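Written out below as structure tokens is the structure these notes cover.
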Amino acid sequence: MDLYARVNILGGLSVRLPHGGLDEAIPLDNDPIGRAKNWVQQGVDYLHVVDLDAAAYGDHRNRDLIRRLVEEIEIPVQVAGGIRSEGEGQQLLELGAWRIVMGTAAIENQIMVWEMCRDHPGKIVVSLDVRPNEEVATRGWTQNSGRFLEEVLIEMSAAGAVAFLVAEAGRDALSEPPNLQILAESLATVEEPVIAAGGVRDLEDLRKLMLLETSGRSLSGIVVGREVTAGRFTVEEAKQVIAGGGPTRAPGGITTTRTPVGVTSLQSALEFYRDVLGFNQVRSPSAGVIAAVVEAGPGQHIELVEGGAARPDSLFFRVEDQTRWKDHLAKLGVTAEPDGLRLVLTDPDGLRIVLE
């Protein structure tokens, strides 16, 4: 599986779109080329550059910037965004783009896409944003096409598309899981490579995409962006997972208040709260003080004191997704018992940890 890094360009800036809408665009960097080079340094295989001005407004102000980016970047760059004529596609290929990506045009102007696939074999990728009912959305998720995933895949495969980018329209990549069904259907429908373009929440989602197999076929790539810049994982860790290894991380989403907790063994307690619950260690033991502080969330601390603090009956934590926590704990060999709508486990000293 190949790793693609997304670079969104709007008004000459690199931006993030939390929910896909340009009105929510958050500037990340005033130097998209520098950002692209940083992705290369981190070790991604390819760059996926999206010209949002061209996509949303038909404005090609970023073309010179994209030309310079393609010239200066050492890995292949595929370019997407607002390519709705053969002339625009030809121009991007002449600028040095490795491949160009057609989205809305693949629905609204299929004859043009057929002609471009004929004239530029191996250069045309089709991108499909899919609703939960498998209807294909167009024009930046703002319109429904009346066309559905399977039929468009078959048509564009016949046209000669070299690969397919498939994503879930309207999904928030940092809080919602990937739609494995539409990816599996894509793999079963066409023989061309299928790339998961919607991103993942964490390394466990990435592992699920790695294991997805239909008709003896697997995904050929994944596009990442927000999840890396938000600190969910690094490119290096993603590459380790793709290679079959990588770390196991807690799913996150815990909140609590600062609480002193007496422990029998500070080392054992740290291993539990840091490695099992995924807390950050923000203060280490110092000379003469057998205590450490772990952080469940920003400003939310637990002080672990070896033999020197009272122990509450229970610690309660609110989590975002109990099912994912149960799976995470099971992989580590930690037993969590259901208690109504909660999960209950114990720390090394028997303190009840309640996830609700």
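Read-outs: derived from the displayed coordinates by stated rules, not from any lab. Computed from a prediction, not measured in an experiment: that's the story for all the values here. Reconstructed Cβ throughout: ideal geometry from the backbone, glycine too, with neighbour counts over all protein chains shown.
Just from its helices, what would the mean residue ellipticity at 222 nm be for the chain, if runs of 4 or more DSSP H residues each count -39500 (n - 2.57) and the sum is divided by every residue, rounded to the nearest 500 deg cm²/dmol? Could you put the intermediate results ahead of the total?
Working: 13 runs with 108 residues, N = 356.
Taking each H run of at least 4 residues, the total per residue is -8500 deg cm²/dmol.
Given axes a ≥ b ≥ c from the Cα gyration tensor, I'd like to know whether the range 155-200 is rounded (a/c under 1.5), prolate (a/b larger than b/c) or oblate. Spell out each step's value before the answer.
Details: a/c = 2.86, a/b = 2.23, b/c = 1.28.
Prolate, since a/c reaches 1.5 and a/b exceeds b/c.
Regarding the chain, what is the average projected area of its C-alpha convex hull, in nm²? Before the final figure, lay out the partial values.
Values: hull surface 79.9 nm².
For the Cα atoms of the chain, the hull's average projected area reads 20.0 nm².
So, in nm, how far is label Asn109 from label Arg68 when the simple model puts each one 7 Å beyond its Cα toward the Cβ?
Modelled inter-label distance: 2.8 nm.
Go through 69-78, 206-215, 338-347 and give me the packing order, highest mean Cβ count within 10 Å leading.
Values: 69-78: 17.4, 206-215: 15.6, 338-347: 14.0.
Going by the mean number of other Cβ atoms within 10 Å, highest first, we get 69-78, 206-215, 338-347.
Just want to confirm a number: the relative contact order over the chain, from Cα pairs under 8 angstrom separated by 6+ residues, in percent.
11
Could you pull the Rg and Dmax for the range 135-242, using just the Cα atoms, both in Å?
14.1, 40
Starting from 0.36 nm per residue, how many nanometres of slack lie between Thr323 and Ala56 once their C-alpha separation is accounted for? Let's see the in-between values first.
Numbers: separation 267, 0.36 × 267 = 96.12 nm, distance 3.80 nm.
That pair, Thr323 and Ala56, stretches by 92.3 nm at full extension.
Computed on alpha carbon atoms, what radius of gyration and Dmax characterise the range 72-137, expressed in Å?
Rg, Dmax (Cα atoms, Å): 12.5, 41.
How far apart, in nanometres, would the label points at Arg207 and Gln281 be if each is projected 7 angstrom from Cα along the Cα-to-Cβ direction?
Inter-label distance under the simple model: 2.3 nm.
Just to confirm my numbers, what's the Cα centroid distance between the range 118-153 and the range 16-82 in Å?
Taking the Cα centre of each part, the range 118-153 and the range 16-82 sit 21 Å apart.
With only alpha-carbon atoms counted, please give the Rg and Dmax of the range 1-60, in Å.
Cα only, the range 1-60: 11.8, 34 Å (Rg, Dmax).
For Lys37, list the lysines whose Cα falls under 24 Å from its own Cα; do not include residues on the same chain fewer than 8 positions away.
Lys123, Lys239
Along the charge dipole of the range 1-154, Cβ charges K/R +1 and D/E -1, which of Gly122, Leu153, Ile73 sits furthest on the positive end?
Comparing the listed Cα positions along the dipole, Ile73 ranks first.
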